[in-house]
Structure formats: C-alpha cells, structure tokens
Amino acid sequence: MKKIFVILLFLTGCGIMSPLQNSKLIAVFHLIEIANYEEAKNVVEEMIEDEESKTWAKTWYARGLIAQTAYMEGKKKNDRKLFQLYPDQLNVAYDSYEKARELDKRERFERQLAPRYVILANEFKKSAESHFKNQKYEDAFRAYEKALIITESPFLSVAMDTNLIYNTALVAHEHGNEDKAIELLKRLDSYNFSTNVTHLLSFIYLEKADTLSARQTLEDGIEKYQENEDLYLLLVDLLYKNNQIDDALEVLDQAISDYPEKQVYPFTKGLIYQKTEDYAKAIDSYNNAIELDSEHVLAYINIATCYYNIGVEIEANAMQINNNSLVIQERARSAKAFEDSVAWLNKAYDLKPEDHVLTEKIYQLYQSLKINERVRNMQGPSN
C-alpha cells in the first residue's frame, strides 16, 4: 500500500509540474509578442535549467525565437540592449533552433523553422561582411561558414549560393585556414564557377609551396575557361620563376595559337627571351606584338633595350679579341646595334611623348647611349 501511495504521489507531482512549465512557455511567447525580451529570456533560461522542460523542443525553439527576434529588432532600432541580449546572439539563436530540431523527433517544427533559418543565414552574411570590412577575419569566417551551413540544411529548399561559398573560401584564406579554403574552392571549381577560383586556388597552393598543384590548377583552368588570359600569364610566370623556361615558352606558343589576335602573348614571349638574354628572339617576338598593336610603346622601348644590350655584349666581346681587323668589325656591329636602339627609342618617344613613366625609361636609355641632344630636348625626370 505504501508503494502505491509513493507512485501516485510521483504521478501527481508530474501532473502538477507539466501544466506549470507549459504556462511558463505560454508566458514566454506572450512576452516575445509584446517585445519584453529581457523577461522572456529570464523565463526561458529558467526552463532550460529545469529537468523536464529542457527536454522540450518548444523550449529551445522559444529561446531561439527570443534571440533572433530581439536581434532583428535591435539592429533595426540600433538598440544594443536588444541585439546584445545574449553574447554571440545569432549563434545562440542557431544553436537553440538546432537543439529544438534534435528534440523534435516528429519534425513538427521544421516548417516553422525554415523561413527563420533563411533570415538567420542572411543576418550571418551581413555580420560576416561587417567583420571582413573591419579585418576581423576569424569572426568573418565563422559567420560566413555558419551562413553556409544553414543554407545547406537538408530541410531547406534553397538554391546553392556559389557566391557565399566563394566568400567563405576567401575569408578562410585570409583567416589562415588554407585547408578549408582549398576544400571550398575545389568544390566551386567543379562547378566551373569562374577564373577567380582557379586564380585564388593556385595562389594558395603556391603559399603552401605546392607548385605541382598550383601548375595543375592553372592548366586545368586554361582548359576549362574561355578568355583565360590571366591564367595563361599566371602559369607562364610560375614556370619562369621555377626556371622551366621551355615549358613557359610552350604555354605561350599555345596561347598564341589559340588567340592569335592578342598581342600580350608575343609580348610576354619577348619578355622571357629578353630576361634570358636571347635578344634576337626577343626582338622578333616584340615585332610580332607590334604587328598586332602598332602603338604598344613598351614593345618599342624593349626592342631599343635589346639592341642596346646587344651592342654592349659585342663591345665586351671585342675587348677579348687581339686581331685589329676583327675588333673594327665588332665595333661596327656594336655601333649598328646602338643606332638601332636609338631609332626604336625615337619611335617610342614620338608615339607617347606625354607618358611620363615611359619617357623616363626612354630618357635613361638616351643617357646610357650618350645621345646628348635628345637628352637636352627631353623633359628629363630631374626637370
């Protein structure tokens, strides 16, 4: 008889508690409606401490609703008391909703939560943008990542936000989370998102000293995207810096074949030949660039520079020769190279005498060639 009395007392206690906690929950939703968020928060936090009501999905849903609604109203009114009701308030809302979903075995709350999740994702994106502008990259990454997690929740019917994925990858890179950045960028790359993905992905690989992956990424990007001038040039630069000169020239030959109308490729080929001191081939490539763009003044200046360097090389070699007649021949050749250099400099100056950056280069070459009359007539850097 005693056991039966104890059981009845226990059941009676449960019966009394449930209505009490239910009434508290009803009060919470009423307090939200009348915008008394501080009181609503106090009540719901008490319920979370209660052994019974903390197991209710609706308790956690109410907590998330308080955090999100107060945050939205606080931002609208610029009221810190509202949008700082909780520390890290957006995450409190998200975590509470997730706890509600976990406890909601029958998935009754998902229809109510779907629009709130969409709004929450947008607020995380706004927060991330603000953090990014203030160079708070860790906070920006956390906010972007949370927005991405929300938009990809399986119960939401939301189109994939590729811009969000890219921004999350970009901020992950700025934050120093390279592995996450690579993961997201590779995913975007599989969707053929844009050459920006290839560019950033190859850059991250280079920062990790993974030149093979960087090269493969750029080569894949060239195959994947049309009008991929930047990718060609990035690959050429990578190969040149790794002393893979023949490979760099091969890439440029392919680019010239694919885009014969673009002067940038023969011009870049000329740069590589010039840097490797193959001046005759450099001059040929620059001439090819000029055929495509007759006003490419830098090509004229570089041709003049190549002829000048040829003249200097010939003079240096002549100093090693003991045969006077050969020395005279070599000096004639060097004089011709210097004359050609002057002729191309004159063409360059006549094309753009008003371009101060270019005229400074021309001025310096005239000084090296001791063309004093031209130097006096020009507006030199010191003037």
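Filter region 332-355 down to residues that are more than 22 Å from K281 (Cα to Cα) and either in contact (Cβ under 8 Å) with a residue 12 or more places away in the chain or of a type in the set (V, I, T) (or both), then give me how many there are.
4
May I ask you to verify whether H173 is farther than 29 Å from H296 by Cβ and within 13 Å of the chain's Cα centre (by Cα)? Write out each step before concluding.
Values: farther than 29 Å from H296 by Cβ: yes; within 13 Å of the chain's Cα centre (by Cα): yes.
Yes: the conditions hold for H173.
Determine whether D230 is within 17 Å of the chain's Cα centre (by Cα), surrounded by fewer than 18 Cβ atoms within 10 Å (Cβ to Cβ) and closer than 30 Å to T162 by Cβ.
When the stated conditions are applied, D230 passes them.
Among (1) more than 30 Å from V197 (Cβ to Cβ); (2) modelled with pLDDT under 95; (3) β-branched (V, I, T), where does V92 come up short?
(2)
For region 290-313, indicate whether the set of residues that are surrounded by fewer than 19 Cβ atoms within 10 Å (Cβ to Cβ), of a type in the set (V, I, T) and more than 23 Å from N228 (Cβ to Cβ) is non-empty.
Yes: one or more hits.
This table checks each residue for (1) in contact (Cβ under 8 Å) with a residue 40 or more places away in the chain; (2) open to solvent by less than 70 Å² (accessible area, probe 1.4 Å).
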| site | (1), (2) |
| --- | --- |
| R116 | yes, no |
| F124 | no, yes |
| A140 | no, yes |
| F193 | no, yes |
| F203 | no, no |
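In region 69-93, how many are in contact with a Phe, Trp or Tyr (Cβ under 8 Å, 6 or more places away or on another chain), under 17 Å from A143 (Cα atoms) and open to solvent by less than 40 Å² (accessible area, probe 1.4 Å)?
Matching residues across region 69-93 total 6.
Which count do you get for residues in region 190-227 that are part of a helix (DSSP H, G or I), under 13 Å from the mean Cα position of the chain (by Cα) and over 19 Å from A248 (Cβ atoms)?
Matching residues across region 190-227 total 6.
If you check I222 against the conditions, is it within 27 Å of Y307 (Cβ to Cβ) and crowded, with 16+ Cβ neighbours inside 10 Å?
no
Can you name the number of the only condition in (1) open to solvent by 50 Å² or more (accessible area, probe 1.4 Å); (2) over 22 Å from the mean Cα position of the chain (by Cα); (3) not hydroxyl-bearing (S, T, Y) that E110 fails?
Condition (1) is where E110 drops out.
Quick one: which of T276, T268 is at pLDDT 90 or above, surrounded by fewer than 20 Cβ atoms within 10 Å (Cβ to Cβ) and more than 21 Å from L345 (Cβ to Cβ)?
T276
Scan the helices (runs of 4 or more DSSP H) fully inside region 69-135 and keep the ones with 1 or more residues being under 28 Å from Y166 (Cα atoms) and among the β-branched types (V, I, T).
Values: elements: 80-83, 89-103, 110-133.
Correct list: 89-103, 110-133.
With the checklist (1) more than 17 Å from L164 (Cα to Cα); (2) in contact with a helix residue (DSSP H, G or I) (Cβ under 6 Å, 6 or more places away or on another chain); (3) touching a residue at least 24 places away in the same chain (Cβ under 8 Å) in hand, flag the one item L218 doesn't pass.
Unmet for L218, out of (1) more than 17 Å from L164 (Cα to Cα); (2) in contact with a helix residue (DSSP H, G or I) (Cβ under 6 Å, 6 or more places away or on another chain); (3) touching a residue at least 24 places away in the same chain (Cβ under 8 Å): (3).
The values are calculated or read from the model by the stated rules, or taken from the named source; none is laboratory data. Every value quoted in this text rests on a predicted model; they were computed, and no experiment measured them. Neighbour counts are summed over all protein chains in view; Cβ atoms, including those assigned to glycine, are modelled from backbone coordinates with ideal geometry. Please note that ligands, DNA and RNA were not included when accessible areas were found on the heavy atoms of the full protein model with its side chains. Shrake-Rupley method; radii C 1.70, N 1.55, O 1.52, S 1.80 Å.
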